[in-house]
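Worksheet for the structure shown next.
The values are calculated or read from the model by the stated rules, or taken from the named source; none is laboratory data. What you see is a predicted model; the values in this text were computed from it and never measured. Note that we place each Cβ from the backbone using ideal geometry, even for glycine, and neighbour counts take in every protein chain shown. Areas reflect the complete protein model, heavy atoms only, side chains present, ligands, DNA and RNA absent. Shrake-Rupley method; radii C 1.70, N 1.55, O 1.52, S 1.80 Å.
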Amino acid sequence: MKICVIGMGYVGLVAAAGLAGPDRKVVGVESDPAKLRLLYQGEVPIHEPGLDELVRAHAESKQLCFTDRIEEGLAGADFALVAVGTPARLDGRVDLSALYRVSEQIVRNAVHPITVVMKSTVPPGTGRALTERFFSKSATRIRYASNPEFLREGQAVKDWFSPDRIVVGSDDQDVATRVLALYAGIQAPKIRTSVVSAEMIKYAANAFLATKISFINEIATICELVGADVTEVAPALGMDVRIGSQFLRAGIGYGGSCFPKDTKGLEQLSSLNGYDFALLKAVIEVNRRQRISAVRKLRAALGGLLDKRVAVLGLAFKPGTDDVRESPAIEIISYLVDEGAAVSACDPVAVANARTVLPDSVELFQDPYDAVRNSNAVLLATEWDDFTGMDWTKVKRLMAPPFVVFDGRNALARASLEALGFRYSGIGRQGAGDGDEVSTNITFGKKRASQV
Ligand code: UDX
């Protein structure tokens, strides 16, 4: 069997490496020359644990190869997996232009029957539209299935081989059976749906997870107002199996290539269909506020940001990845720089990617101890072990007054930091000096919301 995977981004490359095997030859198609050069050399262009080894092993046994020529990938292929980018446009709508280009190329090059399997996240209705606009017009039979991907960055290989479920949407049972057979060796519930339902499952999953995060961030804000501590509230909340313990970590909000794009995409799609998805709008707005709230808290703790030095620990949107797309750290840094703060920052793996999007004035370091030198405040933006396990006595020695630590992920040992003389504040818990203001009645009179 031959499988052509179009787009060697993080979904496509993991799928290509995951599907390659003794009886399956996979050809990965990539148009970016820089990425392709790395792949030819047996290197992986993204930081993804376990992926290098998998790609190298299949490349060496010739079950996985790469090309920039789509016609070469499609020649004789039984399946064309599409994993090209579907980025957000400025207004939040999804940019499907890469998908249209690829669909045209598939039609142009299809000389024998082929099944198109959509792995890119696309708005519900896209499969039907692509079929009507492109695939149904082909002289050769092109069949279509939606097979959304739920991989998490940093755990993508693990997620590929042990998914929570595999969803295949097709309006043809035979196609669904053949696509599901690609996952024969994987133990997971296998769900068959219509194309549009499969597309919706992906959007709904991401929107729901984003909702959980914004919900706990709202609870965190109320905790600050009434003197509760969200790090005590959330675990007990999550013990209710109907709620579940995951995605209840309050912080500076979600980022990455999926949640921000998919929540906005679904909100836009609803609005285009005449529906005001008020809940999702609020989720997006709360996430935006979390970032601004971090800037406000730092401004208040430092008595203004002009000429203060802030060290930002973490640039990736979460630990385990070098991806800085929509990373809260990047946006917060741009606000800090705008307000005249000097910013030094570091990340174990994301410095190179961050350099391309950060203002030149931001100093970047590999070593966190270099980053914190002479800083008035430290912001923990990404909870890498490298940061949570730092020697904070040494950090204090390197820093300058007033020794503010803003824990944007509630991941640091607050009591020990305070014992060392840091002015600690986190998300959804009382910050330094807040204690006296906490009201035990319900008028909330004296407290001020930390969010705008
Ligand atoms: C997500 C989905 O989990 C995955 O199924 C989908 O295929 C792609 O989008 P990913 O973007 O890799 O995966 O990140 P994820 O681990 O889900 O985290 C997303 C963001 O939410 C991160 O910025 C993380 O820091 C934040 N987050 C997560 C929180 O702020 N609190 C939480 O409790 C959990």
Q | CD proxy at 222 nm, helix term only [per DSSP H run n ≥ 4: -39500 (n - 2.57); per residue of the chain; nearest 500] | A | -12500 deg cm²/dmol
Q. Whose amide H sits under 5 Å from the amide H of Val378, counting only residues 5 or more places off or on another chain, with H placed in the peptide plane?
A. Ala311, Val404, Val405, Phe406
(Q) Using a Cα-Cα cut-off of under 27 Å, which lysines could be cross-linked to Lys308, ignoring same-chain neighbours fewer than 8 residues away? (A) Lys297, Lys318, Lys394, Lys396, Lys447
Q | Relative contact order, percent, segment 20-133 [alpha-carbon distance under 8 Å, six or more residues apart] | A | 25 percent
Q: Report the paramagnetic label zone for Glu71: residues of segment 1-38 whose backbone N is under 13 Å from a point 7 Å from Cα along the Cα-to-Cβ axis.
A: none
Q. FRET efficiency for Tyr40 and Lys281, Cβ-Cβ distance as r, R0 = 60 Å, nearest 0.05?
A. 0.85
Q | Charge context of Asp323, other residues only, Cβ under 12 angstrom, K/R +1, D/E -1 | A | -2
Q | Relative contact order %, segment 205-450, counting alpha carbon pairs below 8 Å whose residues are six or more apart | A | 23 percent
Q. Is segment 209-261 best put as rounded, prolate or oblate by its Cα gyration tensor, with a ≥ b ≥ c the root eigenvalues, rounded for a/c under 1.5, and otherwise prolate when a/b is larger than b/c, oblate when not?
A. oblate
Q. So what is the accessible area of the chain per residue, in Å², with the probe set to 1.4 Å?
A. 44 Å²
Q: Take each of the peptides 312-318, 228-234, average the number of other beta-carbon atoms within 10 Å over its residues, and list them starting from the highest.
A: 312-318, 228-234
(Q) Using a Cα-Cα cut-off of under 14 Å, which aspartates and glutamates could be cross-linked to Lys158, ignoring same-chain neighbours fewer than 8 residues away? (A) Glu48, Asp52, Glu53, Glu149
Q) Can you name the helices of the chain, as whole DSSP H runs, whose Cα span along the helix axis is 24 Å or more and whose Kyte-Doolittle mean is not below -1.0? A) 195-226, 278-302
Q: Using the Cα centre as the reference, give the magnitude of the dipole from point charges on the C-beta atoms of the chain (Lys, Arg: +1; Asp, Glu: -1; all else neutral), rounded to the nearest 20 debye.
A: 620 debye
Q. Of the beta bridges DSSP finds with both residues in the chain, what % are antiparallel, to the nearest 5?
A. 5 percent
Q. P(r) of segment 2-149 in 10 Å steps, Cα pairs, percent per bin?
A. 12, 43, 33, 11, 0
Q: Could you list which residues have their amide H under 5 Å from that of Val5, counting only those 5 or more apart in sequence or on another chain, with H placed in the peptide plane?
A: Val27, Gly28, Val29, Leu81
(Q) I need the peptides 142-149, 119-126, 50-57 ranked by packing, meaning the mean over residues of other C-beta atoms within 10 angstrom, with the highest value on top. (A) 142-149, 119-126, 50-57
(Q) How far apart, in nanometres, would the label points at Glu339 and Phe247 be if each is projected 7 angstrom from Cα along the Cα-to-Cβ direction? (A) 3.0 nm
Q: Express the relative contact order of the chain as a whole percentage, based on alpha carbon pairs under 8 Å and six or more residues apart in sequence.
A: 12 percent
Q: State the answer as a single residue: which of Gly169, Leu130, Ala198 lies farthest towards the positive end of the charge dipole of segment 126-210, with beta carbon charges of +1 for Lys and Arg and -1 for Asp and Glu, about the Cα centre.
A: Leu130
Q) Is the shape of segment 205-450 best called rounded, prolate or oblate, per the rule: a/c under 1.5 gives rounded, else a/b larger than b/c gives prolate, else oblate, with a ≥ b ≥ c the square roots of the Cα gyration tensor eigenvalues? A) oblate
Q: Under 18 Å Cα to Cα from Lys2, which lysines show up? Leave out anything in the same chain fewer than 8 places away.
A: Lys25, Lys62, Lys119
Q. Roughly speaking, to the nearest percent, how much of the chain's 1.4 Å accessible area is carbon and sulfur?
A. 54 percent
Q.
For a test of the definition: using alpha carbon positions, the gyration tensor, and the 1.5 limit on a/c, classify the chain as rounded, prolate or oblate.
A. prolate
